[in-house]
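A quick write-up on the structure given underneath.
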Amino acid sequence: MATVELRFSAQPEHVRTARLVAAAVARRVGVEEAVLDEVRLAVGEACSRAVGLHRSNGLTAPVRVVLTEDDKVFSIEVGDEVPAPSGGGEAVSGITAVLESEGETEDEMGLAVISGLVDDVEVSSGESGGTIRMSWPVAGVSDLP
């Protein structure tokens, strides 16, 4: 299992760097070339969301991005340190429950974009912050003709 971890200050100008790193790592682990734009866009949306949450809540903690290749799956976790509202704290499996929970805000719109780009998405939040976990299949050498 290979892992790359990236932390950056919650500034919009760093989102581009996170997108570039994610696409480079995805390419290196074997994510199909046709999917790389989806990876780049989804990471950009998730990181922009985390940056916005940090800035609107006055947090100076860095945004965290963890890229992992494990058993023919490439996953990316984008984490923020904004605690869930009281009564929250449960993992939400699948993005639909998050989108249906309350009205459409800018946050939910970003999550909707991510769900349109990524088939396997999990959103969770708790006392220590939230995480968006996305994953894509990796084409292994044995899968090639």
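For Ser75, the conditions (1) crowded, with 18+ Cβ neighbours inside 10 Å; (2) under 14 Å from the mean Cα position of the chain (by Cα); (3) not in a helix (DSSP H, G or I) are fulfilled apart from (1). Being part of a helix (DSSP H, G or I) and closer than 20 Å to Val121 by Cα holds for only one residue in Val39, Val31, Val4, and it is Val39. Does any residue of the range 116-134 turn out to be at pLDDT 85 or above and assigned to a helix (DSSP H, G or I)? Yes, there is a match, as at least one residue in the range 116-134 is at pLDDT 85 or above and assigned to a helix (DSSP H, G or I).
The values are calculated or read from the model by the stated rules, or taken from the named source; none is laboratory data. On a predicted model such as this, the values are computed, not experimentally measured, just so you know. All Cβ positions, even for glycine, are placed from backbone atoms using ideal geometry, and neighbour counts span all protein chains on display.
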